Amino acid sequence: MNRRRRLYEGKAKILYEGPEPGTLIQHFKDDATAFNAKKHDSIEGKGVLNNRISEHIFDRLGSIGIPTHFIKRMNMREQLVKEVEIVPIEVVVRNVAAGSLVKKLGLDEGTQLPRSIIEFYYKSDELDDPMVSEEHITAFGWASPQEIDEMMALALRINDFLSGLFFGIGIRLVDFKIEFGRHFENETMKIILADEISPDCCRLWDIETDNKLDKDRFRQDLGGLIDAYTEVAKRLGILTENPTNEPSGPRLVTSNE
Ligand code: UDP
């Protein structure tokens, strides 16, 4: 029945042609991959949770003036987004030592970094997404110096905002990966936030227990990934305890309650 044109299929998402020119539909799959797809599994419900969590975060970022590709959620697994030309660079922001930084520099996992650190990785499956410098990015023309400045400024704003948002719900934002795209409109080009922000691409630790609420549960075979993502969604206020989705406005309290 699906007659939409599939434009791209990645590890966790599919992009379809959108209903209007300049739009795309971003579909969240249940697939989980790690170590450049050497480890692969399907985890039922992950795509639905990531769709909701990413919608919520992009919506909040939009409300503080961060330009994003997000237009609206269409259904449980899909959102309508603006078509962009993806900058082939993954921008990682780190607040606390974890993952590849721990291995690279021999730090203890969980060490607070002296300040937030931005890193760039070139998007290439064949090369395993190598870390690159600004020099590589500009020399090979993957992004201009102005675009790098723009992406770094946005990345730091996103980090500050999301660190606060997660801190408020008892979660430490350890690190995350974001991607940007070039959006062309009326002869002008603007760098905007694209892709997704979900527990698939962030490290999120419970502040009290250090419990991991992100994809490290899959990478490290800890189990409980859906429970962890559900916990993040609940704390963000996306999933209510009220499964019937009845309005939860003020209610009449009677004297014998
Ligand atoms: N990350 C990601 N996609 C990648 C690589 C990293 O979303 O292809 C995220 C990862 O979830 C973490 C952050 O970027 O939140 C930093 O990842 P790191 O460099 O430590 O790599 P990892 O150890 O996760 O491979």
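The values are calculated or read from the model by the stated rules, or taken from the named source; none is laboratory data. Note that the structure is predicted; figures quoted are calculated from it, not measured. We place every Cβ from the backbone using ideal geometry, glycine too, and count neighbours over all the protein chains shown. What goes into the accessible areas is simple: the full protein's heavy atoms, side chains included, and nothing from ligands, DNA or RNA. Shrake-Rupley method; radii C 1.70, N 1.55, O 1.52, S 1.80 Å.
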- Assuming residue 210 fulfils every condition listed in (1) assigned to a loop (DSSP other than H, G, I, E, B); (2) over 25 Å from residue 56 (Cβ atoms); (3) open to solvent by 20 Å² or more (accessible area, probe 1.4 Å) apart from one, which condition is it? (2)
- Query: Conditions: (1) within 25 Å of residue 53 (Cα to Cα); (2) surrounded by 18 or more Cβ atoms within 10 Å (Cβ to Cβ). Residue 157 meets all but one. Number of the miss?
  - Reply: (2)
- All positions within region 207-226 that are more than 10 Å from the ligand (Cβ to nearest atom) and within 18 Å of the chain's Cα centre (by Cα): 212, 213, 217, 218, 225, 226
- Note on the structure: When region 194-206 is checked residue by residue, the ones that are more than 8 Å from the ligand (Cβ to nearest atom) and in contact with a Leu (Cβ under 8 Å, 6 or more places away or on another chain) are 197, 198, 199, 204, 205, 206
- Note on the structure: If you go through 117, 137, the only one that is within 16 Å of the ligand (Cβ to nearest atom), open to solvent by less than 70 Å² (accessible area, probe 1.4 Å) and either outside any helix (DSSP H, G or I) or without any contact (Cβ under 8 Å) to a residue 60 or more places away in the chain (or both) is 117
- When residues of region 103-112 are filtered for being away from the ligand (no atom under 12 Å from the Cβ), out of contact with any helix residue (DSSP H, G or I) (no Cβ under 8 Å at 6 or more places or on another chain) and either without any contact (Cβ under 8 Å) to a residue 12 or more places away in the chain or open to solvent by less than 40 Å² (accessible area, probe 1.4 Å) (or both), how many remain? 2
- Here the residues within region 1-29 that are in a strand (DSSP E or B) and of a type in the set (S, T, N, Q) are 23, 26
- Report yes if residue 150 is open to solvent by 50 Å² or more (accessible area, probe 1.4 Å), part of a helix (DSSP H, G or I), under 14 Å from residue 87 (Cα atoms) and more than 16 Å from the ligand (Cβ to nearest atom), otherwise no. yes
- Query: Out of region 120-134, which residues are within 14 Å of the ligand (Cβ to nearest atom) and of a type outside the set (A, V, I, L, M, F, W, C)?
  - Reply: 121, 122, 123, 124, 125, 126, 128, 129, 130
- Task: Give region 166-193 a look and list any residue that's over 21 Å from residue 114 (Cα atoms), within 16 Å of the ligand (Cβ to nearest atom) and either touching a helix residue (DSSP H, G or I) at 6+ places or on another chain (Cβ under 8 Å) or not in a strand (DSSP E or B) (or both), or say none.
- Result: 178, 180, 193
- Query: For region 6-62, how many residues are open to solvent by 40 Å² or more (accessible area, probe 1.4 Å), closer than 19 Å to residue 72 by Cα and within 14 Å of the ligand (Cβ to nearest atom)?
  - Reply: 0
- Taking the residues in region 70-102 that are assigned to a loop (DSSP other than H, G, I, E, B) and open to solvent by 20 Å² or more (accessible area, probe 1.4 Å) as candidates, determine which candidate is nearest to the ligand (Cβ to nearest atom). 88
